[in-house]
Each structure stands twice: as C-alpha cells, then as structure tokens.
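Chemist: The structure that follows is given in the form of structure tokens.
The values are calculated or read from the model by the stated rules, or taken from the named source; none is laboratory data. Because the structure is predicted, anything quoted here is derived from the model rather than measured. Please note: Cβ atoms are built from the backbone with ideal geometry, for glycine as well, and neighbour counts cover all protein chains shown. Just the protein is used for accessible areas: all its heavy atoms, side chains included, with ligands, DNA and RNA removed. Shrake-Rupley method; radii C 1.70, N 1.55, O 1.52, S 1.80 Å.
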Amino acid sequence: MDPKQMPTFEAGSSMSSQSRNLNQNQRVTEFDVRETEQSLPRFSSRLDNSFHQSNQAQQVAMNWDPRAVLDSLDILGQKIHQIQDIVRRSTLGNERQLSIQPNEFAAQQQLINADLTCIVIELISTAGTLLPLIKNASASGINSPGQIGGIASSASDLDLVDMLQQNDNVVSEGAKDSEYEELIKGLSDWDDEGIKPISTEDDDAKDNEDGVSGENLPLGSYEVLQLEKEEILAPHTHFCAICGKGFKRDANLRMHMRGHGDEYKSPSALAKPSKEASSEPIPIKRYSCPFIGCKRNKEHKNFQPLKTILCVKNHYKRSHCDKSYTCRRCNSKKFSVMADLKTHEKHCGSNKWLCSCGTTFSRKDKLFGHIALFQGHTPALSMDEVKSQGMSVQGQSDEAMAKTEDMDYLISGNVIDDTNFSGLKGADDDLGYFSSMNFDSFTFGGIDGLQQPSFDTSESLFSFHK
Amino acid sequence: MERAQQQSSDSILATLSVDLLIQILDRVADPRDRKSWRQVCRGFLLAEALRRRSLRVLRREALQGLLRRYAACLERLDLSACPALDDHALAAALAAGAGLWRLRSVNLSRASGVGWRGLAALAKACPHLEAVDLSHCVGVGDREAAALAAAAGLRELWLDKCLGLTDVGLAKVAVGCPALEMLGIKWCLEISDIGIELLAKKCQNLRVLDISYLKITNRSLQFVSSLGKLEDLSMVGCSHIDDAGLQFLNNGSNSLQSVDVSRCENVTSSGLISVIEGHKYLQNLNIGDCFPELAPLFLSKLNDLRDSLTVLKLDGFQVFAPSLKIIGLNCRNLVEIGLSKCKWVTDEGVSELVAGCVNLMTIDLTCCHLLTNKALAAIGDKCKNLTCLQLESCKLITDKGLDCIGTCCLNLEEIDLTDCTMTNAAMKYLSRCSELKVLKLGLCDKISDEGLVHIASNGKKLRVLDLYRCFEVTDDGLAAIATGCKRIKNLNLCYCTRITDLGLKHLSCLEDLLDLELRGVHYITSLGITAIANGCQHLTELDLKHCHLVDDAGLFALGQYTKNLRQANLSYCQVSSMGLCNLLGSLKCLQDVKLVHLTRVPVEGFESALRASGGRLKKLKLLTGLRHLLSPGLIQMLQAWGCRIRWVDKPLNLVP
C-alpha cells in the first residue's frame, strides 16, 4: 500500500497498475487469491482513513454540524466520480483491447463493487451523524463486506434507496441500478446464511459448522475474504438507520424498526428480505481467519475456508481468543462463545455417569463405551467411590478434602503429620492398615462383627489421598 | 452296618483309622443313614466332616457351628432355605472358617436379608468362589453386584429377579468377573442394550446366558452373537426382539446348542430359520407361543438339525397332522416334544409323529382336546422308552387308552391325567408301571379308594400324588397309599372332603412327606394334625386353609414336632392368638405364612405373633384391614428384615 495515494484516493491509477500486474498472471486461481489478498487490506485502510474523517466530524458535531456533513458529502462525491472514471475506462478498454482477459474484467467489477460498498457505509454513517442518539455506528471501523451487508439488508432495499436519494441521489449517478441491486441481494443472501447456524448450533457439530471440510471446493472456485480481528469481534452486525442501535440479528432490527413509525409496520417492511432470482451467478464467498498459522488462514498449506461470517466469528473466538465466559455452576468450564456456555450450562451438573477412574459423562452409553475401551474401569455407584484424581479433575471443592482429612485425624486417634500421610499414599493397596479402625460406632450401626476395611465409605475416605 | 458300629464305637475307633472310616462312609448313601453315622461318636463325626463337600443349612442358629465344623472341606453351600439370614449372620459365619474356605459354590437364592456387606464378606472370605446364586433376592441391586464382582474367579452367577440391578451393576460384574461362563439375569427389568453390549465385550467366555423378559432390542443380540462360546441362550418373552435380531445369531459361530425364544411375540419362522442355518448342532429349541402357524420352510429346515435336535417345544401353535408328519420325518432323534395347548393336534398327527420319533421319552399333550385313545395306542406302540406323558384336559381319552400305555410303556415315571375322565380301571392299568414317581389325578372325580388300592399295589417309588378334588377318596384309600407308597413326598388332598382324622393318622406313617395340602378338608381337626405333626417330622409345607375345625392344639403340635416347616397356610382356621404366637415363635424355619381371616385372633394377637417370628418371615399374607391396625413400627421392622407383605381384601367366605 502506498500511503501517498491514500488521502487523494487515486483509485484509478492504482487500478491500472493493478491490472497490468494481473496481465502477467495468466492463471485464474493464482489471480483470484492474490487479487483478494491485495485488494482487501487496501480498501480497508482507505476506509479507515475516511472513517477517521467522519469520526472526527462525529466528535466535533455531535449536535448536528452542517459543515461536517457537507465535508463528508463532498468526499463521497469525489469517490463516486472516481468510480465513474474507473467504469468508463474499463468500458473503453473493452472496446479497444479485445484481448482483455475475462478474469481481469471480473476483478475490476469486484473492485468497483467494493468501492461502492464503502460509499454506502459512508452514507449511512453520515446519516448517523445527523441524529443526536448515535452511539457506535462506526466504532472500530466497519469495513467488512459482511457488516456492510448487515447494514444494507437491515434497512430494507427500498428504505435504503430512499435514504440514499435523500442524501444527494448519488446512487443513480454512481452505479447502475442493476449492479446495486445485485450487491444488496448478494449481501442479504449470505446474511441469511449467517443467521441460520445459530439455531442449529450444536457442540458436536462445531467443526462442521466452522468450516467446509466436507465441501472440497477447488481452490480457485470461490472468493476468499478475510476480516480483521476488530471486525470479527464487533458485537453487532445490524444497525438501525435511524437511531444507530446495533443488533445481532436482522429480525431483531426489523422488530425494533417498528418503534420508528408506522411505515416500518407494514408487512412488507417486516417480512424477511427475500432472495430474488438473478441471471448472473453469484460468486461463492468463503472466509479466511486473520490469524497467521491457523489452518483456517489462507496462507496455510492445507487451507480450509470458513463458510459464513458466523463461522468466522465463532472460529476466531473459540480458537484465538481468551475464554472469558465461565460456567457459574461448576466454576471450571470456560468458553469464549456465549452460545457454547449456554449449551454447557444446560447439561452442567448432570454429569451423573461416573467411571471409577473419575471421568464423568453426561450419557450412560458414553460411560459404557469408555468402560468397554479401558481395562479395569467400572462404573462408579455414587460419588463416594470416585477416586482422588476424579475429584481433582472435577474440581470438587477443597472443602471436601479438608473435611476428610479431619476425619482421618479423628479416626486414627493421633495426629499424623503431612509426611506420614504422603508415606501412606504409596501404600494404597494396603487397606489392612486401616482395618483396625472401628467405623461401627458411627457408620454401620450394629454390624460390629464385620471388620470390612473395603467398605465403600472407608475406601472413599482414603482414596482422597491416593 | 452303622448300627453295629454304634454299639461298639470305642473299639472300632481303635482299629479303624480315619481314612478307613472315610472309605466306609463313601458307601453310605442315604442322608438319613449319614445322620445316624454322625451321631455315633466324635471320630465318626470328624470323618464325615472331612468327607463332606456340600451343605444345606436349614436353621440360622446352626449356621455358625456347622460352618466352623465343615470350613476346611466344604465346596458347595446352600443357604437358600436358611431363615433370617442377614449380612451380620453371613459375615460372622464366614469368619468362623476364615482363611480356610474352599467354597466354590454358594446358593443364596431368596435370601432377601443379604445385602452388599454380606456379599463383600463372602467374596473376600472365599477366594475360590466360582458360582453364586442370588436369584429371587428382589432387594439385590447394583451395590450388591459390585460387592460380588470382587470375586474375580466367578464362573456362574444367577441374578434372576434381582429387581434393583441396572446396567451399572451388570457392568460391575462384567468387569470384575471376566471368566463368567453362566449368567442369568432373567427379570432384571432395568437392564438395557447398553449393559448387554458391555457384558458381551467383557465376558467372552459366556456359555449360558438367560436374558428372559428383559426390555432389550435387536441391538443386544448383535453383541450377544459375538460370544463365540455361547451354547445356551434363553430369551423368553423378549417382545422387542424380532427376526432381524435373530439374524445376527447366524454369524457362523455355530456354537449354540439350546435356544429358547418362547413368548417372543415378534419372532417368526424366518428368524428361526436363520438361527437354524447358523447353528447346525442345535439340540434344544423352544419356540412356544411366538407366532400362530408353523411355516413349511421352517419345518423343512428342521431337516438340517436331523441328528442333533432332541428337544422341540411348540406350545400354543396350530399344528396340523402334516406338520407333525414332517417333524416326525425330520427329527428322528427327538427325545422330548412339547405340544401343550396346540390346536388341531389329532390322533393322525400324533401317530405320524411317533412313527418317526421312536425315541421320544417326554410327550406334552396338555390341552390337546381332540386326542382320543387312538393317539395313546400309537404312542404305546412306538415309544417304548416313554417316561413322561402329560395329558391334562384330554377329555376324550378313556381307561382303554391307558391300557395301552400301561402295557407298553413300562418305564413311565410321570403321568398327568388332571381333568381327564378316568376311572379306577385306569389305575389298574397304570399299576403295571412300577417306576411311576409322579401321578396327577386332580379333578378325576370318579377315582375312589379302589383306584388308590391299585396304585398302592405297585407304587413303591411314587413321590408325588395329586388327588385334588377327588371327592370319592376316603380314609381307606389313604390307608392303602400309606402302606403301599412309603416314599411319597408331595400329597395333594385339597377338597377331598370325605377325609377325616383317621385318614391323617394313616398318613402319619409317611416319614418322607414334605408337602401336604389339606385345603378345604373340613372334617379334620387338631387331632389329625397332631398325628401328622408327630409322624411326618420333615414336613416343610402345609396348607390348612378352610380347615375350620383345626384349632390351637393342632398348631401346638406343629410347633413342637415339625421343626422344618417352612410354609404354612392357616387362613380361615379357628386358631387363637396363643396358638399363632406359639407356632410363629417356635418354628425356626417358618418363612412363608398366610393368615387371612383368622377370626379369633385379635390385632394384638397378630402383633405379638409377628414379633415372635423374629425376622424369619419372608412372605406374609394378611387382610388389608390389618394394615392400619398393626403398628407401623412392626410393619417397618418386618420389611426391614426382608419380608414382603401381601395385603388381600377378601370377603369372609366360610364355605369354600
């Protein structure tokens, strides 16, 4: 990225150099990957820059500063002109050089699309500055296509067009209607995909959900997009065009919109944006994890792309973030995805199937599978029988440990110091050591004739220290 | 022989060393002679103790002493009849021979008081333990199974009707006893496929497996089929198993010898065909009450088992003559056939069957209503080795049919003629069968004393005689029986209303009598009961229901003499609190009593009598009204001792 180009936004020149480079790269696959690699960071940094400006405007004129708005509109105007230039040039190029590669043409289209998306975002954020209630509509840089899509589809198509027209009719000038529609549709398409997995989320299906391991798309047959860490971790993807409030789901936003007036209450406004059949095939989009070295990162030699934005988010949080949600029941299990915690909490504490080795299972068949696998393991009848390692694995409170230790002191009648205890730990088979102790008085009632050291109660008492 | 030794014991001990005594003892077979032997002197007792391998304990009081004496040599211990056996008693008794035990087999069937502590003590004390029977201990659950699993050498384990047993307990056993060869988990209703799967994975040596009445599915059979040494598989009443499950058994292991799929509603011919195809050496096939009609393909498949199949049970099928003909042709080695409650079994069919299967020894024709004397003639003609013939409710059969049986089948040991129209003449024909051990004549109301005289004339070996509702039988008939059939153990005289105390006095010379049923014999009084108690001291079961004239005196006699009495029905008798308390207090073996409508016993009488029983009772039948009158503490105590109380709600009906 050439920093000098940035402020003046010379997309045209950069484009031409780009296309020259591309001419040298004849192979389609290589082209696709490289192109997206280079273009994504490029315009994200551009956007950062422009957002910087608009953020400034926001800060200065929280209470509606017409100058700031004008400034941003000017910038927008410039951008639109630049895109117009690119489009014109490419049409000219088409007429003159018939030898132009089709993939090159597609790349140009992609670039134009991306630039247009930026403009849409700009527009919305500008519109946001007009409102006093704005919160974090543009916090930490919304420049992922995913989030743009969220915004775009959050307001229904018509609303957005209305809004844009209010803000200077830029769209009709800048881009062809069909292109715009296609953009919106494409975005809303994957947005729908993104919502679905939430409902079907399942612990077991995590891996499948994260990736497309079973899909085996050939490397070049899809676009690879990569979001930045900040974008992935942004809390919301759908924003109210009026008040700026963020939502995780489009449906929630639509419900929210009802509060802004009767026009949002119409069935068409409340309905889920439907997909429209289009003549042009939508390019398949796949996502890459920004974490270098990750298998989901496009640099990895066995790169396995992620299917949807949601997959990216869940994957990134699960694999590369701290596990900040702790289960309040067991206080030991930690999760980085809230949904995972909730799934766990549903079953936490119900791990009633215990193995003699201390491992716990939520299902009987899992326990029995474990027992079938390991020699000598048996199902435990109750918590009493679980051996010490089981206790520590389970994270059972130290209180229990302390209690039993006390018991030992009581039972043996004299104080045994810690070193003695550690000596005993080695001789765990020698239960006879404890056999002389009388449990009868407080445990077994009248069974004084039985001197059974291997009774479960006593065994469990000592097994804590093994 | 031992009488001679008895007279001069001192000199004999001097000349005969212990090993010689043992040599002599080995030739003394009868238990009663052995008892005499033990009573000779200490030396004889010691010799007997060294030789003794098995022991059946009848009284808890004797348990500890007996086990101390026999600890060193005993291999088989039967505690199923021992009353009031609990963990403490068992552990204390085992402690008597600590370190010496060579016990291989322990029978704790119906020992409802034994829990995990006792079993843990058993497993620890007997390192050579190979067989344990815990069947019908309804309280046994996972904990008990876990305690038992410490006996790693266990090869044989019976857990029938251990209602508390779940997959977890089964897993404990499967992991703890990998050498298991025989396992019964019939009626352990909590066990599921998961448990069976683990069992099959861990206990690959299983030869005998009984999984009857479990709620298991085909999945279980898939794993059971992996048991390469399995010989005997019983799965009665597994209604979730169907042909697809049986197909798993056809996996080439070819090991099964006995399969019982009776009452499996969803099994059909095709499933059985796959079993037959997979197991060419099948000897025993029980498919009773599975599906209504025998498919021709199945019948022709029986040809595959021509040499091996010896037992075939087809209870409840529609069996037409052609089917029986095919069976007769295909299964020439058949020794036993069950056609109980089969429809359309005709004389022709039976003739065709026995024409092929001449080796038949046991024929069950219960409720085959169409059979006449012709069938019996055919059986008598062909089956010279017949030992057991069941003809209950074959009403068209007459005395003439039994003539053929009596002349041809001289080895006959057991015959059931319940509800047949037999007369005394038939008894005359049967009296030719000197081997007869079991004779059932219930509801044959034309049998009179004359018939009994015929039976007694050649009935030295008779063990079981059922004269239920034979109204014509009187005291004279019993006199004949008592002189001719000295070995009788079970005698059913229910509703033989002509019998009086005199008849019972005749019976009192039957020393072997164990089970006597006198229900509704309303002329008998305490006098007769006293005579019985005095003479038949081994009596273990006695039914006196509706014997209205029996009072306390009879109970006192029972309490004094029949020390082995285990089961008693005293309902509707005229006994009072005194007699009841005495009976329950003095009989140390009594475990099962029915005390319905004892009109002369007040609530306090029940209370004190039940307290006097001292935890020996395992089963108790009482009127529902008493449930709230008896003190809750008593009921709780009884239940804590392992007693199951059945509360019945019946109107007082003095005439049976």
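Chemist: For chain B, what relative contact order do you get, as a whole percent, if you take Cα pairs closer than 8 Å and at least 6 residues apart?
Modeler: 5 percent
Chemist: Now, a different point. Give the cross-link partners of A:Lys285 among the lysines, using a straight C-alpha distance below 18 Å as the criterion and excluding same-chain residues fewer than 8 apart.
Modeler: A:Lys185, A:Lys196, A:Lys275, A:Lys295, A:Lys298, A:Lys307, A:Lys313
Chemist: For the stretch B:175-239 and the stretch B:296-311, what is the separation of their Cα centres, given in Å?
Modeler: 26 Å
Chemist: Need the list of lysines near B:Lys215 for cross-linking: C-alpha distance under 17 angstrom, and skip anything on the same chain fewer than eight residues off.
Modeler: Excluding near neighbours in sequence, the set is A:Lys364, B:Lys161, B:Lys186.
Chemist: I would also like to ask the following. Dipole of the stretch B:400-494, Cα-centred, from +1 at each Lys and Arg C-beta and -1 at each Asp and Glu C-beta, to the nearest 20 debye?
Modeler: That gives the stretch B:400-494 a dipole magnitude of about 400 debye.
Chemist: Sticking with this structure for a sec: Counting only heavy atoms of protein chains, what accessible area per residue, in Å², does the stretch B:185-289 have with a probe of 1.4 Å?
Modeler: Value for the stretch B:185-289: 35 Å² per residue.
Chemist: Same structure, new question: Counting other Cβ atoms within 10 Å, keep those with at most 15, restrict to DSSP loop, and tell me which trypsin sites (Lys or Arg not before Pro) in the stretch A:303-374 are left.
Modeler: Those that pass, being in a loop and sparsely packed, are A:Lys323, A:Arg328, A:Arg329, A:Lys352, A:Arg363.
Chemist: Quick one: buried accessible area between B and A, total over both chains, 1.4 angstrom probe, nearest 100 Å²?
Modeler: The contact between A and B buries close to 1900 Å².
Chemist: Taking all protein chains as present, what is the carbon and sulfur share of the accessible area of the stretch B:570-627, in % to the nearest whole number, probe 1.4 Å?
Modeler: Here it works out to 55 percent.
Chemist: How many Cβ atoms of partner chains, on average, are near each residue of A:364-372 if near means within 10 Å of its Cβ?
Modeler: 6
Chemist: Based on alpha-carbon atoms only, what is the radius of gyration of the stretch B:262-314 relative to the globular estimate 2.2 N^0.38 Å?
Modeler: 1.03
Chemist: Also, quick follow-up: Evaluate the charge dipole of the stretch B:202-283 about its Cα centre and quote only its size in Debye, nearest 20, assuming +1 on the Cβ of each Lys and Arg and -1 on the Cβ of each Asp and Glu.
Modeler: 280 debye
Chemist: At a Förster radius of 22 Å, what calculated FRET efficiency corresponds to the Cβ-Cβ distance of B:Leu410 and B:Asn333, to the nearest 0.05?
Modeler: With R0 = 22 Å, the Cβ-Cβ based efficiency is 0.50.
Chemist: Another one. List, largest first, the extents of the alpha carbons of the stretch B:46-137 along their principal axes, each in whole Å.
Modeler: In descending order, the Cα extents are 35, 25, 20 Å.
Chemist: Averaged across orientations, what area in nm² does the convex hull of the alpha carbons in chain B project?
Modeler: Orientation-averaged projected area of the Cα hull: 29.7 nm².
Chemist: Positive end of the dipole of the stretch B:91-200, charges at C-beta (+1 Lys, Arg; -1 Asp, Glu), about the Cα centre: which of B:Gly169, B:Ser109, B:Gly99 has its Cα farthest in that direction?
Modeler: B:Gly99
Chemist: A follow-up question, please. Helix-only mean residue ellipticity at 222 nm, chain B, DSSP H runs n ≥ 4 weighted -39,500 (n - 2.57), per residue, nearest 500. What is it?
Modeler: -10500 deg cm²/dmol
Chemist: Compute the distance from the alpha-carbon center of the stretch B:30-68 to that of the stretch B:379-454, in whole Å.
Modeler: Cα centroid to Cα centroid, the span is 41 Å.
Chemist: Counting only DSSP beta bridges with both residues in chain B, what percent are antiparallel, rounded to the nearest 5?
Modeler: Antiparallel: roughly 0 percent of the beta bridges in chain B.
Chemist: Determine the dipole magnitude for chain B: charges of +1 sit on the beta-carbon of Lys and Arg, -1 on that of Asp and Glu, nothing else is charged, the reference point is the Cα centre, and the result goes in debye to the nearest 20.
Modeler: In debye, rounded to 20, chain B gives about 1620.
Chemist: So, one more: Among B:Leu584, B:Leu518, B:His546, which residue has its Cα positioned farthest towards the positive end of the charge dipole of chain B, with +1 placed on the Cβ of Lys and Arg, -1 on the Cβ of Asp and Glu, and the dipole taken about the Cα centre?
Modeler: Result: B:Leu584.
Chemist: In the stretch A:240-350, with Lys and Arg counted as +1 and Asp and Glu as -1 at Cβ, which of these residues, A:His347, A:Asn314, A:Ile292, has the Cα nearest the positive end of the dipole, that is, farthest along it?
Modeler: Farthest towards the positive end: A:His347.
Chemist: As an exercise, use a Förster radius of 51 Å and the Cβ-Cβ distance of B:Gln537 and B:Leu297 to find the FRET efficiency, rounded to the nearest 0.05.
Modeler: 0.30
Chemist: From largest to smallest, what semi-axes in whole angstrom does the stretch B:407-549 give when each is the square root of 5 times an eigenvalue of its alpha carbon gyration tensor?
Modeler: Working through the eigenvalues yields semi-axes of 24, 16, 12 Å.
Chemist: Which of the peptides A:75-85, B:529-539 is most tightly packed, and how do the rest follow, judged by the mean count of other Cβ atoms within 10 Å per residue?
Modeler: B:529-539, A:75-85
Chemist: Still on this model: Taking the Cα centre of each part, how many Å lie between the stretch B:465-502 and the stretch B:538-610?
Modeler: If we compute the Cα centre of each part, the gap is 23 Å.
Chemist: Hey, another quick one. Summarise the partner chain shielding of B:166-173 as one whole number: the mean count of Cβ atoms from other chains within 10 Å of each residue's Cβ.
Modeler: Going residue by residue through B:166-173 and averaging, the value is 5.
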